[in-house]
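Only one structure is covered here, and it is reproduced in the block below.
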Amino acid sequence: MSTFKAKTWAFILFLSSTANAGDLIINSMHSDPDVKKAFAQLLEDFKKENSDIKVVLNTTSHEAYKVQIRTWLPNKAPDIATWFAGNRARYFIDKGLVEPIDDVWTGIDKQFSDSIKDVVTFNGKKYLMPLSYYNWGFYYRKDIFEKVGVKTPPKTWAEFTAIIEKLNKASISPIAIGIKDGWPAAAWFDYLNMRIHGYKFHMSLMAGTESYLGPKVKKTFEVWQSLIKSNAFNKSAAAISWQEASALLWQGKAAMYLMGNFITTQIPKNIDDQIGFFPFPTLNPEVPNAEVAPVDVYFIPAKAAHKAEAKKFLAFLAKPETQQKFNQSVKLMPTNSTSKTDGGDRFLKAGIETLSHAKNVSQFFDRDADPEVAKAGMDSFVELMARPDDIDTIAKKIEAVRLRVYKK
Amino acid sequence: MKLFDDSKSAWVFLAPSLVLYGLYVLFPIVFTFYLSVTAWDGISSFPLPMCITDPETSCLSNFKELFEAGLFWKSFTNNLLWLVFFGISPLFGLFLALFFHVKSTFASPLKTLLFMPMVFSLIVVGMIWSWFLQPGFGLVDTVLHFLKVLPPDQEFGLMTKLGLAPNAGVIVAAIWPHSAYCMILYLAGLSNLPKNVFEAALIDGANRWQLLWHVILPMLKPATIIVVIVTMIGALRAFDIVAIMTNGGPANSTNTLALYMYQETFINFRYGYGASIAVVLFMISVGLIVAYLRQIKKEEA
């Protein structure tokens, strides 16, 4: 009996000691098996260099994390948390819940591109440490392009619409899209708006300082509307998910698909060499190029208990070797530009090439815009795609939410 | 010698469940009412009512906004659609129960088959039906193409439309398991009925129709009350099957009040506003059920 008691006490002491000095508690939303495995390896490497720090990792699913972070961040925060760059992070930063980490950034900031530094800097201070990002663009069927007589992927809007016409004549749905969950439609808005009016205007719109009723947004909607009316998209769009839409591409029922690079892990083996990539074509030659490239970041909560250890960890994350090893195994791009990149994967290569021409990167509509405006926006985009007649009513719906949110 | 008098001992025995009921049912209801007069975002410290933090706003401004929101009325209309069309399932259930309330070698395997969808979780039912109705790939498309009702280059686009149409797909999917549930409740009711009453009615010269209308249905009334209330609650709290099949889309066409409440609370993080939707939904449910029970009592009196 007494040994049992002793063991119990030892266990209780062990439990209570897990949050002692020298510890590092990390809350993560990267529950995807591949990413989880790669991150576990990253932690192992970190422990090798810092044997005095004990790391505790809590991984939650993506959607649950988004809800729960609001509970623990202002109260009992971990030492490191994963999050998104851009306005999604600004929300917490403005509330004073994130620790500035300019000291971690000193000396290494030359290793990161301006477009990356731009999305981790708020009011002149750096708050976030980026680990990986991925690009968006068109994934297309080389064999179908060849069949309808297209030699090279389109660079301009005129070339792009000409291909759509050719595909329609051949009774192949030109562009696959599945908007049951709204967000894939938002990628179209992001790109059209950035390609027509440039990154700066797009970001002001996302930050709530521009109106959705202005002539610029109207122009964006008009270009989109004419695409929809020219039968560029599959009719089933509103009822299918993004995964089901990718099946249209794999089956050769559709020829192009605007998606994030994560889709390349799902390409069926038998058509692997038929899938190619091209960046979103130029619409307005006068605006500098910007791409949608969501950045995954890590930050230290203002209420963290072990900030010194956390900063050591972020410095480790920033290292080119760390970024290279992690991203190579999950097929993402390292944000540290001195990382040697994996030459094996042609989509990663194409992505890096695309982003090297981008002056800025946006973080995707639902990360850049306020959550409520984003929801109203995505509902409206779905409405536009299902019934492309009435642009004004659609714009008014988003504008009403924007006015209410930014009045507060 | 008595340790307690009867009422005291009753309280002692009731205490454990009363504590749990208070903690998990009564407290959340009261707290939801409280939240509905706040503008809590889920991240700031404990919320005070809006009219205290800002004397210029009314404490009921969540409700004011709600009744002015197009999305609220759209979801409310959809819930009414649910009440009417989901309300058909008791009829199916009654029909099936009367049909299968016979002893035969074929009846019980058939009954088991019909009861199957009730055993599936609603999420599975939703998945199955969204595959059935999938434009291009789905079972409905395949059958319509095979029967040449639909030209091969066209798709059955029920779920891609805006407006009321996609609600049909969702409600049909929900009727499937619910009819089975109603069937079971009615079968239980039927097996409790005394046989001699039927025989007496038949001897008195009642035909089958009269037997059903004047004898069986009145005696099934307790079962009917349960079935109707369960169906009303099911229609008003419609959430899971909508969430999995359409997530309220396309463009909110199939949104319901429960889903709208979820979206405002956990997607838009407006806990106060979400709570006000919950309060309205609670009021509607209680109102309808009380009205129905009163009607029953009046009929009995």
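The values are calculated or read from the model by the stated rules, or taken from the named source; none is laboratory data. Worth saying up front: this structure is predicted, and the values here are computed from it rather than measured. Ideal geometry is used to build each Cβ from the backbone, glycine not excepted, and the neighbour counts take in all protein chains shown.
Listed here are the residues, each with its yes/no results for (1) touching a Pro at 6+ places or on another chain (Cβ under 6 Å); (2) away from chain B (no Cβ under 14 Å).
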site	(1), (2)
A:N336	yes, yes
A:S339	yes, yes
A:G344	no, yes
A:F347	no, yes
A:V361	no, yes
A:V373	no, no
A:A386	yes, no
A:I394	no, no
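Within the range B:72-118, the residues that satisfy the criterion of being of a type in the set (A, V, I, L, M, F, W, C) and outside any helix (DSSP H, G or I) are B:I88, B:V102, B:F106.
On inspection, B:F137 qualifies as among the aromatic types (F, W, Y), over 25 Å from the mean Cα position of the chain (by Cα) and within 14 Å of another protein chain (Cβ to nearest Cβ). Of the listed requirements (1) more than 26 Å from B:N247 (Cα to Cα); (2) at pLDDT 95 or above; (3) within 14 Å of chain B (Cβ to nearest Cβ), A:H202 misses just one: (3). In summary, B:T53 fulfils each of the numbered conditions (1) crowded, with 18+ Cβ neighbours inside 10 Å; (2) within 14 Å of chain A (Cβ to nearest Cβ); (3) of a type in the set (V, I, T) with the single exception of condition (1).
Residues of the range A:168-199 that are buried (at least 21 other Cβ atoms within 10 Å of the Cβ), within 14 Å of chain B (Cβ to nearest Cβ), outside any helix (DSSP H, G or I) and not hydrophobic (A, V, I, L, M, F, W, C): A:S173, A:G178, A:K180, A:G182.
Counting only helices (runs of 4 or more DSSP H) that fall entirely inside the range B:211-279 and contain at least 2 residues that are in contact (Cβ under 8 Å) with a residue 12 or more places away in the chain and within 14 Å of chain A (Cβ to nearest Cβ), the qualifying elements are B:240-245, B:257-262. Would you confirm whether or not the range A:290-299 contains a residue that is within 14 Å of another protein chain (Cβ to nearest Cβ) and in contact (Cβ under 8 Å) with a residue 24 or more places away in the chain? Among the residues of the range A:290-299, not one is within 14 Å of another protein chain (Cβ to nearest Cβ) and in contact (Cβ under 8 Å) with a residue 24 or more places away in the chain, which makes the answer no. Hey, can you tell me all the residues within the range A:80-92 that are more than 21 Å from A:S61 (Cβ to Cβ) and surrounded by 20 or more Cβ atoms within 10 Å (Cβ to Cβ)? Listed by number, the residues that qualify are A:G86, A:N87.
Criterion first (modelled with pLDDT of 95 or more and not hydroxyl-bearing (S, T, Y)) does A:I177 satisfy it? Yes, satisfied. Evaluation of B:W209 against the conditions (1) out of contact with any helix residue (DSSP H, G or I) (no Cβ under 6 Å at 6 or more places or on another chain); (2) more than 22 Å from B:L91 (Cβ to Cβ) shows that the sole unmet condition is (2). Just to be sure, is A:S173 touching a strand residue (DSSP E or B) at 6+ places or on another chain (Cβ under 7 Å) and polar (S, T, N, Q)? Judged against the criteria, A:S173 is a match. Screening B:N167 on (1) assigned to a loop (DSSP other than H, G, I, E, B); (2) within 14 Å of another protein chain (Cβ to nearest Cβ) shows it passes everything except condition (1). Residues of the range B:144-152 include none that is within 14 Å of chain A (Cβ to nearest Cβ) and of a type in the set (D, E, K, R).
Only residues that are within 14 Å of chain B (Cβ to nearest Cβ) and either hydroxyl-bearing (S, T, Y) or not in a helix (DSSP H, G or I) (or both) were counted across the range A:227-266, and they come to 12. The residue of the range A:366-408 that is surrounded by the fewest Cβ atoms within 10 Å (Cβ to Cβ), among those that are over 20 Å from A:Q225 (Cβ atoms) and of a type in the set (D, E), is A:E372. Could you tell me whether any residue of the range B:153-161 is free of Cβ contacts under 8 Å to residues at least 12 places away in the same chain, surrounded by fewer than 16 Cβ atoms within 10 Å (Cβ to Cβ) and over 31 Å from the mean Cα position of the chain (by Cα)? Yes, some residue in the range B:153-161 is free of Cβ contacts under 8 Å to residues at least 12 places away in the same chain, surrounded by fewer than 16 Cβ atoms within 10 Å (Cβ to Cβ) and over 31 Å from the mean Cα position of the chain (by Cα). Considering A:K117, A:K110, A:K126, the condition of being modelled with pLDDT under 95 and touching a Phe, Trp or Tyr at 6+ places or on another chain (Cβ under 9 Å) is satisfied by A:K117 alone. Looking only at the range A:148-167, residues that are among the β-branched types (V, I, T) and either within 14 Å of another protein chain (Cβ to nearest Cβ) or touching a Lys or Arg at 6+ places or on another chain (Cβ under 8 Å) (or both) come to 2 in all. Residue pairs whose Cβ atoms lie under 7 Å apart, sitting 6 or more positions apart in sequence or on different chains, and linking a residue in the range A:32-48 that is at positive phi to a partner that is part of a helix (DSSP H, G or I) and of a type in the set (S, T, Y), do not occur here. Answer yes or no: is there a residue in the range A:121-128 that is of a type in the set (S, T, N, Q), surrounded by fewer than 21 Cβ atoms within 10 Å (Cβ to Cβ) and over 26 Å from A:D366 (Cβ atoms). Looking for residues that are of a type in the set (S, T, N, Q), surrounded by fewer than 21 Cβ atoms within 10 Å (Cβ to Cβ) and over 26 Å from A:D366 (Cβ atoms), one finds none in the range A:121-128, hence no. Residues in the range B:17-30: is at least one assigned to a loop (DSSP other than H, G, I, E, B) and not aromatic (F, W, Y)? Checked against the condition, which is being assigned to a loop (DSSP other than H, G, I, E, B) and not aromatic (F, W, Y), the range B:17-30 yields no hits at all.
One residue is enough: does the range B:39-49 have a residue meeting the conditions touching a helix residue (DSSP H, G or I) at 6+ places or on another chain (Cβ under 6 Å), not small (G, A, S) and not in a loop (DSSP other than H, G, I, E, B)? I'd like the intermediate steps shown before the answer.
As a first pass, look at the range B:39-49 and keep what is touching a helix residue (DSSP H, G or I) at 6+ places or on another chain (Cβ under 6 Å): B:39-40, B:42-43.
Filter again for not small (G, A, S), leaving B:40, B:43.
Going one step further and asking which of them are not in a loop (DSSP other than H, G, I, E, B), we end up with none.
For the range B:39-49, residues touching a helix residue (DSSP H, G or I) at 6+ places or on another chain (Cβ under 6 Å), not small (G, A, S) and not in a loop (DSSP other than H, G, I, E, B): absent.
Within the range A:356-365, the set of residues being buried (at least 22 other Cβ atoms within 10 Å of the Cβ) and part of a helix (DSSP H, G or I) comprises A:F365 only.
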